[in-house]
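Since the structure comes first, as structure tokens, the remarks are kept for the end.
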Amino acid sequence: MGAKLYVGNLSFSTTEDELRELFDKHGKLLSVKIISHRETGRSRGFGFVEYEEASSATEAQNSLNGQQLGGRDLRVNEAHDKPDSGSHG
């Protein structure tokens, strides 16, 4: 089963291709997405990468957390689903 990583502290100029190139060395990627502001289209400074294998995600997290990309120290953590903001009850 796949695993998704949160990648934070990205330079606003970092592209999805650059992120893919960096993370691709650790295993087969299913997706790479940098999150952008809805109205301006500008990067929000974080994104997600998803691996086919959980072991690849763990290896990437251990290897790339704190590494520099675009002059910034990356924060790489396991991604968690966004909490449900709907009402219950």
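Got at least one residue in region 37-47 being among the β-branched types (V, I, T) and either at pLDDT 95 or above or touching a Lys or Arg at 6+ places or on another chain (Cβ under 6 Å) (or both)?
No, the conditions are met nowhere in region 37-47.
Taking D81 as meeting all but one of (1) outside any strand (DSSP E or B); (2) under 11 Å from A3 (Cα atoms), write down the number of the exception.
It fails just one condition, (2).
Can you list residue pairs whose Cβ atoms sit under 6 Å apart, with the first residue in region 35-54 being assigned to a loop (DSSP other than H, G, I, E, B) and the second being of a type in the set (A, V, I, L, M)? Count only pairs 6 or more apart in sequence or on different chains.
The qualifying pairs are E52/L30.
Kindly check whether there is at least one residue in region 50-57 that is hydrophobic (A, V, I, L, M, F, W, C), buried (at least 16 other Cβ atoms within 10 Å of the Cβ), touching a helix residue (DSSP H, G or I) at 6+ places or on another chain (Cβ under 6 Å) and at negative phi.
Within region 50-57, not a single residue is hydrophobic (A, V, I, L, M, F, W, C), buried (at least 16 other Cβ atoms within 10 Å of the Cβ), touching a helix residue (DSSP H, G or I) at 6+ places or on another chain (Cβ under 6 Å) and at negative phi.
Is one or more of the residues making up region 5-27 among the β-branched types (V, I, T) and either assigned to a helix (DSSP H, G or I) or modelled with pLDDT under 95 (or both)?
Within region 5-27, none of the residues are among the β-branched types (V, I, T) and either assigned to a helix (DSSP H, G or I) or modelled with pLDDT under 95 (or both).
For H88, are the conditions met, namely being modelled with pLDDT under 95 and closer than 15 Å to L5 by Cβ?
The answer is no for H88.
Quick check on A54: is it within 12 Å of V7 (Cβ to Cβ) and either at pLDDT 95 or above or not polar (S, T, N, Q) (or both)?
no
The values are calculated or read from the model by the stated rules, or taken from the named source; none is laboratory data. Just so we're clear, the structure is a prediction, and the values are computed from it rather than from any experiment. FYI the Cβ positions are ideal-geometry reconstructions off the backbone, even for glycines, and counts take in every protein chain you see.
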